[in-house]
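The values are calculated or read from the model by the stated rules, or taken from the named source; none is laboratory data. Every value quoted in this text rests on a predicted model; they were computed, and no experiment measured them. Using ideal geometry, Cβ is built from the backbone for each residue, glycine included, and neighbour counts are taken over all protein chains shown.
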Amino acid sequence: MLAGPVVAHLQSFFLRAFLNRRLKAEPPHRIPPPMDSSSSSSAAPAAAAAAEDAPPATEKLAVFWHEGMLAHDAGRGVFDSGHDPGFLDVLDQHPENADRVRNMVSILRRGPIAPFLSWHSGSPAHASELLSFHTPEYIDELVQANANGAKKFCAGTFLNPGSWGAALLAAGTTLSAVRHILDGHGKLAYALVRPPGHHAQPDRADGYCFLNNAGLAVHLALDSGRTKVVVVDIDVHFGNGTAEGFYRTDSVLTISLHMNHGSWGPSHPQSGSVDEIGEGSGLGYNLNIPLPNGSGDVGYEYAMNELVVPAIDKFQPQLMVFVIGQDSSATA
Ligand SMILES: [Zn+2]
């Protein structure tokens, strides 16, 4: 369910060529921090030494982020249940917690690809922007839950004080990343956001997700004149919310690679099976690729080369949105 973006998979599948080219062309002799006036983090070491080894700003990967997204606290309990059985000294931190994203930020700021990134601050989405993907009734439900303080929407999915603000930032930060592309400032942008979004359907929350960030990104592209957009989701769980939102249109090709977990209840009625291929004018524009557990890099590479890339080549999209959950990389 961890639909947050992941650099490892970006490197594996989408950024490999970009990074290889950069690393080969200009190997960094040291690791300068990506200093940017829009950065509000204090994590980056103070090194004004600008990076003569780093690529020019226009060639860097634009990362969109806002630390306000750390305010979402999904709670503690037994795994993701929020339940305290009363006999544990230490309750589990919810799997979708702020610390994991803190480390993603620190890796990007101080890790080996830091010289190749530029940082951009996200901002909250306006409520009206959410209606491109979500129903007014559902948005009202979220607003009301926030006004009331907290609500459990479904298994593992808790909106607590601070969560709504973080969700609006996640949506808005994703939209900022898309605008960066649509406005011609670059060809690749990365929105590092939480809470995640790919399980959120037009009318319901699901799987730790409240607002479908990728779905909102697609609608912004369509509203800006793009006519064909593809979504590729490599999170280990089925991107059911995004698929549902575009199930009946031929303007958006949704592709999801995932474990074969099937439906997991009323909040997630979709199965993710190969026979869910879209409806009406969307028939043939949803591609589900369930993979056996343990498929590994070879399995993913095969699926990419034999199914995903040919489907994208045939569709000829004008914009691609990748949903990069990292939980498919688990080795345990
Ligand atoms: Zn997941």
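List of remarks:
- Residue check: residue 267 meets all listed conditions (1) within 24 Å of residue 100 (Cβ to Cβ); (2) exposed (fewer than 14 other Cβ atoms within 10 Å of the Cβ); (3) modelled with pLDDT of 95 or more; (4) of a type in the set (Ser, Thr, Tyr) but one, namely (2).
- Residue within the stretch 246-254 that is within 16 Å of the ligand (Cβ to nearest atom), over 23 Å from residue 130 (Cβ atoms) and either among the polar types (S, T, N, Q) or surrounded by fewer than 18 Cβ atoms within 10 Å (Cβ to Cβ) (or both) present: no
- Qualifying residue in the stretch 227-244 (condition: charged (D, E, K, R) and in a helix (DSSP H, G or I)): yes
- Which listed residue, of 309, 274, is without any contact (Cβ under 8 Å) to a residue 12 or more places away in the chain and either more than 15 Å from the ligand (Cβ to nearest atom) or in contact with a strand residue (DSSP E or B) (Cβ under 7 Å, 6 or more places away or on another chain) (or both): 309
- Summed over the stretch 200-211, residues that are part of a loop (DSSP other than H, G, I, E, B), buried (at least 24 other Cβ atoms within 10 Å of the Cβ) and either more than 14 Å from the ligand (Cβ to nearest atom) or of a type in the set (Val, Ile, Thr) (or both) total 3.
- Selection from the stretch 144-162 of residues that are at negative phi and not in a strand (DSSP E or B): 144, 145, 146, 147, 148, 150, 155, 160, 161
- The residue list 265, 325 contains one member that is within 16 Å of the ligand (Cβ to nearest atom), of a type outside the set (D, E, K, R) and on the phi > 0 side of the Ramachandran plot, which is 265.
- Residue in the stretch 143-150 that is touching a Phe, Trp or Tyr at 6+ places or on another chain (Cβ under 8 Å), closer than 21 Å to residue 73 by Cα and among the polar types (S, T, N, Q) present: yes
- Restricting attention to the stretch 277-295, the residues that are closer than 22 Å to residue 324 by Cβ and either in contact with a Lys or Arg (Cβ under 7 Å, 6 or more places away or on another chain) or surrounded by 14 or more Cβ atoms within 10 Å (Cβ to Cβ) (or both) total 8.
- Only one of the numbered conditions (1) without any contact (Cβ under 8 Å) to a residue 60 or more places away in the chain; (2) in a loop (DSSP other than H, G, I, E, B); (3) crowded, with 24+ Cβ neighbours inside 10 Å is not met by residue 196, and that is (1).
- Residue count for the stretch 217-236, restricted to those that are within 16 Å of the ligand (Cβ to nearest atom) and either under 19 Å from residue 314 (Cβ atoms) or at pLDDT below 95 (or both): 3
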